Amino acid sequence: MSEAKSLLTPVSPGGTIGILGGGQLGRMLAMAAARLGLKVHIYSDVPDAHAFQVCDAHTVAPFEDVAALAKFAGACDALTYEFENVPAAAASVLAKIKPTNPNAKSLAITQDRFDEKSFVASLGLKTAKFAALDSRASARQAWQQIGGGRTIMKTRRFGYDGKGQTIAPSAMEAEDSFDLLGKKPAILEEIIGFDFEVSVVAVRGADGSFASYDPAENEHQYGILRRSVVPARLSAKQIDEAKAIAKRIADALGYVGVLSVELFVAKDGSLLVNEIAPRVHNSGHWTIDACLCSQFENHIRAVAGWPIGSTARHSDAVMENIIGNEAADWKAFAAKGGALHLYGKNEIRDGRKMGHVTYLKRLGRTD
């Protein structure tokens with residue numbers, strides 16, 4: 001079996017980065033690549049993917065189409081993803097043709113919530129108590145193993161924005177939750193009391209270099225990120241710890257690119273890892289306008305073998321998502337004075353992220 005390809009020399013300006021996925025993250029990655037003089041080829045199974053509007057080339061085909069994947073990879077110099085749930089077979093095909101990051105290990109671990117939590121715990125990092133289950137009986141056992149009390153059940157795979165999860169405050173409700181989630185393998189987690197949630201977006205280069213953006217404090221509504229605020233209500237010690245957690249995870253994965261680590265800030269001030277996202281992240285969108293080098297540019301730099309850019313911010317920031325029908329009032333957002341980003345989606349749906357707006361306050365300014 002052939003090994004995964006490695007990037008031997010950086011991708012020069014004029015080269016092509018291939019991106020699997022044509023959503024807003026792929027769109028913003030393509031725009032960041034253009035700033036560096038790099039071309040982008042988007043692969044998506046959605047015929048009218050909105051990232052197609054800003055790329056140099058695109059391929060429409062299923063992620064299971066091995067011939068289409070191979071042709072796509074052959075037209076690129078390096079490959080990456082805009083989302084983590086890329087089929088394992090597709091990732092395997094691509095990695096054998098062109099350098100592909102994040103690596104297969106990172107995708108495999110983060111595609112499964114139990115594997116992810118187990119990996120984090122193996123590094124000596126704190127998490128909420130958790131247990132795996134695959135039947136009604138094991139759901140009851142998992143609830144008892146955690147120690148009773150309020151728990152949340154999540155499908156092990158393919159959950160996002162609050163989907164694929166439900167509260168289970170008793171053993172009986174844990175059994176019923178297993179049925180409600182489609183009788184699929186799941187994970188049960190303790191619901192802990194925490195003050196607030198933060199995320200730290202970091203980047204690791206192909207040479208092992210590492211840098212982290214300041215943690216953002218996140219507010220959710222109906223399971224969807226509503227806003228991210230920087231700086232977060234963290235002490236200097238907590239900020240250093242959050243960045244150290246991200247570095248430990250990235251180094252252990254041999255990671256190349258941008259990743260995000262979501263953290264709970266417990267009542268006693270300790271930090272618990274909630275989730276890892278092996279990609280650019282919604283809570284890092286503020287970096288486009290508040291930093292010289294955004295998370296998107298740094299991801300492209302890393303997968304192209306370039307030096308990673310500065311993660312320092314020049315402004316405090318509040319990033320707010322534009323969700324569903326809010327996008328119809330785009331003129332009002334445009335008039336507010338923030339940095340407006342609309343994703344070019346041709347259909348407004350409830351709960352759909354249509355764009356975001358970032359409001360800045362320059363550091364050192366008092367007006």
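The values are calculated or read from the model by the stated rules, or taken from the named source; none is laboratory data. Bear in mind that the values here come from a model prediction, so they are computed numbers and not experimental data. As a convention, Cβ positions derive from the backbone with ideal geometry for all residues, glycine included, and neighbour counts pool all protein chains shown.
Cβ-Cβ distance below 6 Å, separation of 6 or more or different chains: which pairs start in the range 118-144 with a residue that is assigned to a helix (DSSP H, G or I) and end on one that is surrounded by 14 or more Cβ atoms within 10 Å (Cβ to Cβ) and acidic (Asp, Glu)?
ARG136/GLU175; ALA139/GLU175; ARG140/GLU175
Residue check: is HIS341 of a type outside the set (Val, Ile, Thr), assigned by TED's automatic domain parsing to the domain that holds ASP207 and more than 22 Å from the chain's Cα centre (by Cα)?
Values: of a type outside the set (Val, Ile, Thr): yes; assigned by TED's automatic domain parsing to the domain that holds ASP207: yes; more than 22 Å from the chain's Cα centre (by Cα): no.
When the stated conditions are applied, HIS341 does not pass them.
Just to be sure I understand the filter: pairs with C-beta atoms under 7 Å, separated by 6 or more residues or on different chains, first member in the range 256-268 and in the same structural domain as ALA232 (by TED's automatic domain parsing), second member in a strand (DSSP E or B) and of a type in the set (Ser, Thr, Tyr). Which pairs pass?
From residues that are in the same structural domain as ALA232 (by TED's automatic domain parsing), the pairs are GLY257/THR80; SER260/SER199; VAL261/SER199; GLU262/SER199; LEU263/SER199.
Restricting to the range 51-62, name every residue that is surrounded by fewer than 19 Cβ atoms within 10 Å (Cβ to Cβ), in a helix (DSSP H, G or I) and not polar (S, T, N, Q).
Across the range 51-62, the qualifying residue is only VAL54.
This table checks each residue for (1) within 26 Å of SER12 (Cβ to Cβ); (2) at pLDDT 95 or above; (3) touching a helix residue (DSSP H, G or I) at 6+ places or on another chain (Cβ under 8 Å).
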site: PHE52; (1), (2), (3): yes, yes, no
site: LYS98; (1), (2), (3): yes, yes, yes
site: LYS105; (1), (2), (3): no, no, yes
site: GLU116; (1), (2), (3): no, yes, yes
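Is it the case that the range 194-202 has a residue that's in contact (Cβ under 8 Å) with a residue 60 or more places away in the chain, closer than 14 Å to LEU263 by Cα, of a type in the set (Val, Ile, Thr) and not in a strand (DSSP E or B)?
Scanning the range 194-202, I find no residue that is in contact (Cβ under 8 Å) with a residue 60 or more places away in the chain, closer than 14 Å to LEU263 by Cα, of a type in the set (Val, Ile, Thr) and not in a strand (DSSP E or B), so the answer is no.
Tally the residues that are small (Gly, Ala, Ser) and crowded, with 18+ Cβ neighbours inside 10 Å, restricting the search to the range 328-351.
Residues that pass the stated criteria total 1.
The conditions are (1) assigned to a helix (DSSP H, G or I); (2) surrounded by 16 or more Cβ atoms within 10 Å (Cβ to Cβ); (3) aliphatic (A, V, I, L, M); (4) touching a helix residue (DSSP H, G or I) at 6+ places or on another chain (Cβ under 8 Å), and VAL86 fails exactly one of them. Which is it?
(1)
Within the range 308-321, does at least one residue satisfy the condition of being touching a strand residue (DSSP E or B) at 6+ places or on another chain (Cβ under 9 Å), surrounded by fewer than 17 Cβ atoms within 10 Å (Cβ to Cβ) and either within 16 Å of VAL201 (Cβ to Cβ) or of a type in the set (A, V, I, L, M) (or both)?
Yes - at least one qualifying residue is present in the range 308-321.
Which of (1) touching a Gly at 6+ places or on another chain (Cβ under 8 Å); (2) β-branched (Val, Ile, Thr); (3) modelled with pLDDT under 95 is the odd one out, the single condition THR110 does not satisfy?
The single condition THR110 does not satisfy is (1).
Here's a check for you: in the range 156-207, which residue that is surrounded by fewer than 17 Cβ atoms within 10 Å (Cβ to Cβ) and among the small types (Gly, Ala, Ser) is nearest to GLN144 (Cα to Cα)?
Among those residues, the one meeting the criterion is ALA171.
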